[in-house]
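The values are calculated or read from the model by the stated rules, or taken from the named source; none is laboratory data. A quick note: this is a predicted structure, and the numbers were derived from the prediction, not measured. With ideal geometry, Cβ positions are generated from the backbone for all residues, glycine too; neighbour counts draw on all protein chains shown.
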């Protein structure tokens with residue numbers, strides 16, 4: 001893991017995926033409990 | 001004779017419960033409030049507890065969390081009301097005791113389903129104070145003795161290690 | 001000593017490595033000690049001096065007693081790895097409870113040990129009283145315990161190993177992990193720590209800023225940010241105040257914790273793969289896929305039922321109070337933003353059962369999460385599908401089923417069997433714990449909820465856990481947290497070793 005660029009990108013990727021996941025769940029909730 | 005006495009005591013205790021003094025609003029402990037949340041939902045309640053942590057300013061209004069020993073709850077009050085609170089509870093302080101009357105919500109729609117009390121009136125019934133963090137001499141002695149022993153063992157360890165290394 | 005034959009080599013090996021791990025954790029007690037000194041909290045500072053000294057003494061004495069291990073380079077067999085892991089966790093449970101006991105915030109030794117085990121196993125149930133008046137030092141310690149416990153005490157010790165020892169991997173496996181990021185286990189341990197520390201900095205910073213925005217003072221915002229991040233990443237669930245996440249009254253803060261505990265829940269192999277540039281791993285990984293499916297399904301069911309029955313009425317409330325808690329349960333974190341009594345009184349049996357299932361399935365293998373683990377559930381599920389297909393397809397055809405977890409793996413009978421057996425162990429533990437709860441008079445749904453919480457190392461409570469709970473129930477909960485976290489084998493090995501030893505010398 002010597003590539004600093006990959007590490008930063010990796011962290012950002014994960015955070016973005018987590019945020020998208022939250023968004024998707026919120027959309028699900030919105031659809032069910034309008 | 002004994003049986004009659006028992007029955008009399010029972011009847012007396014039972015009727016004593018009926019003589020509840022008429023108060024405008026009784027102070028409820030927070031845990032009862034939370035346990036019977038559905039009963040108290042949207043009712044005016046009075047709670048009394050210690051202000052803990054700090055004020056969470058949200059513009060014109062603020063959150064103050066209070067703990068009355070049974071449980072803790074968030075109070076939504078105006079920023080100016082919050083400013084009157086001088087002491088908040090933490091390791092070194094006991095916070096001001098607040099008596100809050102307000103509307104209790106089990107799932108406050110304004111606050112994303114939070115369990116809270118929207119403050120209508122607030123009274124500081126007791127001032128908070130600083131707690132004395134006095135150290136007992138026995139603890140200080142124990143700590144010193146153990147610390148010295150630990151340092152001795154560390155020394156012994158490195159000595160033994162040096163001797164064993166080829 | 002001219003005689004090179006060592007008597008009782010097992011004793012030396014176990015003593016040396018257990019002592020090593022204990023010494024490592026003892027040194028870490030320096031952090032809360034310094035914290036208390038900086039905050040001018042004299043009693044806690046002395047409490048930590050005492051705890052640190054006692055632990056250093058015991059750790060070093062054990063290392064001295066077992067020094068032949070190092071000088072004679074004794075071989076560490078598989079069983080020792082498991083025994084050392086299990087034994088160090090028990091001894092540390094007692095040693096790390098010393099600061100709690102001296103603080104006066106725990107009602108008994110049992111309660112103190114309960115809280116420590118709850119921290120190590122990243123469960124998050126609390127028996128410490130009066131959290132709102134806890135010293136900064138002790139709060140620092142509680143949250144540190146969960147951060148270290150999440151990564152693993154053994155992992156921590158291994159990353160500092162001076163000389164390469166052959167037994168390192170075996171001790172590592174004893175703590176419930178078996179993922180090798182790189183062939184050298186010492187470097188694997190260091191990578192796990194590197195990822196965690198980078199996230200620690202980033203996460204604390206993010207929560208610090210958010211904390212200040214929601215009204216916390218700069219110092220509190222920093223401390224809370226640190227504590228909450230440690231608790232989220234390790235999927236522990238401790239919080240510095242009585243109200244847990246309700247203290248903050250903030251949607252933004254809650255969402256941030258979701259991001260961190262969801263990221264904290266997967267396997268380190270996944271993080272490592274993504275950080276090396278293999279971004280597709282996030283989508284291809286079987287555990288991510290299964291978590292996605294189960295979390296969506298369980299959230300949907302809970303929201304459907306609870307919104308219909310009027311427990312929560314609008315979308316934001318449903319997301320904040322239902323989905324948050326389902327995710328907290330599923331990742332086995334344990335952050336809660338509803339009161340325990342509300343689960344009991346308002347969620348109803350369906351809601352409670354959804355939570356129980358979420359808690360039992362748990363997070364990912366070789367991570368900080370608990371439960372059956374998504375990987376095993378997926379393997380068993382695929383195993384069943386594979387068996388059905390075998391029956392339906394022509395007798396002569398050979399089918400090879402694969403699943404993708406970091407790399408492509410073949411789904412063979414041995415794998416399915418191993419996964420299924422561990423799941424059986426979890427179910428049996430869950431059943432026994434639920435049984436004990438009902439024995440003491442707690443309603444079935446509540447006993448089951450609390451049992452799932454301890455077995456899966458979750459930390460949400462429906463109200464059973466409390467200072468007044470029966471002592472035997474607390475002991476059972478400690479045992480369940482311990483067995484659940486170490487995934488049974490190490491503890492069975494320790495138990496077997498002790499019994500074997502007694503039998504031999506009886």
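Does residue C:61 satisfy the criteria of being surrounded by fewer than 23 Cβ atoms within 10 Å (Cβ to Cβ) and over 22 Å from residue B:72 (Cβ atoms)? Against the criterion (surrounded by fewer than 23 Cβ atoms within 10 Å (Cβ to Cβ) and over 22 Å from residue B:72 (Cβ atoms)), residue C:61 qualifies.
Looking at region B:49-80 only, could you name the residues that are surrounded by fewer than 18 Cβ atoms within 10 Å (Cβ to Cβ) and farther than 21 Å from residue C:139 by Cβ? Passing the criteria: B:57, B:58, B:59, B:60, B:61, B:70, B:78, B:79, B:80.
Filtered by the rule that a residue be over 25 Å from the mean Cα position of the chain (by Cα) and at negative phi, region C:261-281 gives C:276, C:278, C:279, C:280. For region C:52-69, residues that are within 28 Å of residue C:137 (Cα to Cα) and touching a residue at least 40 places away in the same chain (Cβ under 8 Å) total 6. The residues of region B:142-163 that are surrounded by 14 or more Cβ atoms within 10 Å (Cβ to Cβ) and over 16 Å from residue C:65 (Cβ atoms), listed by number, are B:142, B:143, B:144, B:146, B:147, B:149, B:150. Looking at this structure, is residue C:407 within 21 Å of residue C:287 (Cβ to Cβ) and assigned by TED's automatic domain parsing to the domain that holds residue C:294? The answer is yes for residue C:407. Of all the listed residues (C:348, C:383, C:362, C:371), the sole one being at positive phi, surrounded by fewer than 24 Cβ atoms within 10 Å (Cβ to Cβ) and modelled with pLDDT under 95 is C:348. Where helices (runs of 4 or more DSSP H) fall entirely within region C:297-386, those with at least 2 residues that are in contact (Cβ under 8 Å) with a residue 40 or more places away in the chain and more than 23 Å from the chain's Cα centre (by Cα) are at C:340-346, C:348-361. If you go through region B:109-142 and keep only what is more than 28 Å from residue B:89 (Cα to Cα) and either in contact with a helix residue (DSSP H, G or I) (Cβ under 9 Å, 6 or more places away or on another chain) or at pLDDT below 95 (or both), you end up with B:109, B:142. Among the residues of region C:391-416, which ones are surrounded by 13 or more Cβ atoms within 10 Å (Cβ to Cβ) and in a helix (DSSP H, G or I)? Selection gives C:415, C:416.
For region C:261-287, which residues satisfy the criterion of being part of a helix (DSSP H, G or I) and free of Cβ contacts under 8 Å to residues at least 60 places away in the same chain?
Matches in region C:261-287: C:274, C:282, C:283.
Within region A:2-14, the set of residues being surrounded by fewer than 18 Cβ atoms within 10 Å (Cβ to Cβ) and facing another protein chain (nearest Cβ under 8 Å) comprises A:3, A:6, A:9, A:13. When B:139, B:134, B:92 are checked against the criterion of being surrounded by fewer than 19 Cβ atoms within 10 Å (Cβ to Cβ) and facing chain C (nearest Cβ under 7 Å), a single residue qualifies: B:139. When you go through (1) within 14 Å of chain B (Cβ to nearest Cβ); (2) surrounded by 23 or more Cβ atoms within 10 Å (Cβ to Cβ) one by one for residue C:329, which number turns out not to apply? Failed condition: (1). Conditions: (1) assigned to a helix (DSSP H, G or I); (2) under 22 Å from residue C:108 (Cα atoms); (3) out of contact with any helix residue (DSSP H, G or I) (no Cβ under 9 Å at 6 or more places or on another chain). Residue C:468 meets all but one. Number of the miss? Residue C:468 satisfies all of (1) assigned to a helix (DSSP H, G or I); (2) under 22 Å from residue C:108 (Cα atoms); (3) out of contact with any helix residue (DSSP H, G or I) (no Cβ under 9 Å at 6 or more places or on another chain) except (1). When the test is whether a residue is in contact (Cβ under 8 Å) with a residue 40 or more places away in the chain and either surrounded by 21 or more Cβ atoms within 10 Å (Cβ to Cβ) or out of contact with any helix residue (DSSP H, G or I) (no Cβ under 6 Å at 6 or more places or on another chain) (or both), residue C:107 passes it.
When residue C:129 is tested against the conditions (1) within 14 Å of chain B (Cβ to nearest Cβ); (2) touching a residue at least 60 places away in the same chain (Cβ under 8 Å); (3) within 29 Å of residue C:468 (Cβ to Cβ); (4) in contact with a helix residue (DSSP H, G or I) (Cβ under 6 Å, 6 or more places away or on another chain), the lone failure is (4).
What do you reckon, is residue C:100 surrounded by 24 or more Cβ atoms within 10 Å (Cβ to Cβ) and over 22 Å from residue C:154 (Cβ atoms)? So residue C:100 fits the description; yes.
Count of region C:282-296 residues, restricted to those that are within 10 Å of chain A (Cβ to nearest Cβ), over 22 Å from the mean Cα position of the chain (by Cα) and at pLDDT below 95, is 2.
For region C:178-198, the candidate set comprises residues that are over 17 Å from residue C:406 (Cβ atoms) and crowded, with 21+ Cβ neighbours inside 10 Å; within that set, the residue that is nearest to the other protein chains (Cβ to nearest Cβ) is C:196.
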